[in-house]
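All remarks here apply to the structure that follows.
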Amino acid sequence: MRRSERKRRDPDLGVLSSRLLFAVQEELFDTLAQQGHAQLRPQHGAVLAYLDPDGSRAVDLALRSGQHKQVVGKLIDELEALGYLERHPDPADRRAKLVVPTARGLDQMSRSDAILAAIDQRYAEALGPDRYAEFKRTLAEVTERQRAWRAGPGER
């Protein structure tokens, strides 16, 4: 059997997780575009999905998202130019900046939360709430174990 045929019939964890990610991102960003946020791209989620409404430091966004600081910095620049966030001095540390969502950013965050809640609800109804909750717990555990393995023996 050819590799592509095997992956289609019995997809591995990487294929399954990427299919899920891309399908959720496609629905999320298509719906956001219909709701007035057409400039956003899935890459922007590395910042927006982890941004606190009262602001976050760029270094924290990088840690939460698993992205390099340079990537997060570029995304922050893009989102600032699009009017989704601003940089403000961090009151807890004058040397640091807080990345703070604007009204447009808060609107996007609220809409994203609602869209993702609807996706969750749809799958809870399709699979049953207990089965879907178990799926999410298992997926979270697999994700954390993979992150710990990637971090090295001291983190496992």
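Values quoted throughout were computed directly from the atomic coordinates according to the rules given, and no laboratory measurement underlies them. Here the structure is a predicted model, which means the values were calculated and not measured. FYI the Cβ positions are ideal-geometry reconstructions off the backbone, even for glycines, and counts take in every protein chain you see.
Here are some notes:
- The chain: most fluctuating residue of ALA92, ALA114, ALA62 per GNM, C-alpha cutoff 10 Å: ALA92
- The value of relative contact order for the chain, using C-alpha pairs under 8 Å at least six residues apart, is 16 percent.
- The GNM of the chain, with springs linking C-alpha atoms under 10 angstrom apart, assigns the highest mean-square fluctuation among PRO11, PRO101, PRO129 to PRO11.
- Projecting the Cα atoms of VAL15, GLY73, GLN25 onto the dipole axis of segment 1-84, where Lys and Arg carry +1 and Asp and Glu carry -1 at the beta carbon, places VAL15 farthest toward the positive end.
- Taking the chain as a Gaussian network of alpha-carbon nodes connected by springs under 10 Å, the highest mean-square fluctuation of the residues ASP52, ASP130, ASP113 belongs to ASP130.
- Phi angles of segment 103-119 translate, via the Karplus equation with coefficients 6.51, -1.76, 1.60 and θ = phi - 60°, into HN-Hα couplings of 4, 5, x, 5, 4, 4, 4, 5, 5, 4, 4, 5, 5, 5, 5, 5, 5 Hz per residue; Gly and Pro are given as x.
- Here's the list of lysines a cross-link from LYS136 could span, going by alpha-carbon distance under 30 Å and ignoring same-chain residues fewer than 8 apart: LYS7, LYS69.
- Likely footprinting exposure, TYR84, TYR123, fewest C-beta neighbours within 10 Å first: TYR123, TYR84
- Translational D in µm²/s for the chain (Stokes-Einstein at 20 °C, 1.002 mPa s, Kirkwood Rh from C-alpha pairs): 121
- Simple rule: put +1 on each Lys or Arg Cβ and -1 on each Asp or Glu Cβ in segment 13-151, find the dipole, and look at GLN34, ILE115, ALA148; the Cα lying farthest toward the positive end is ALA148.
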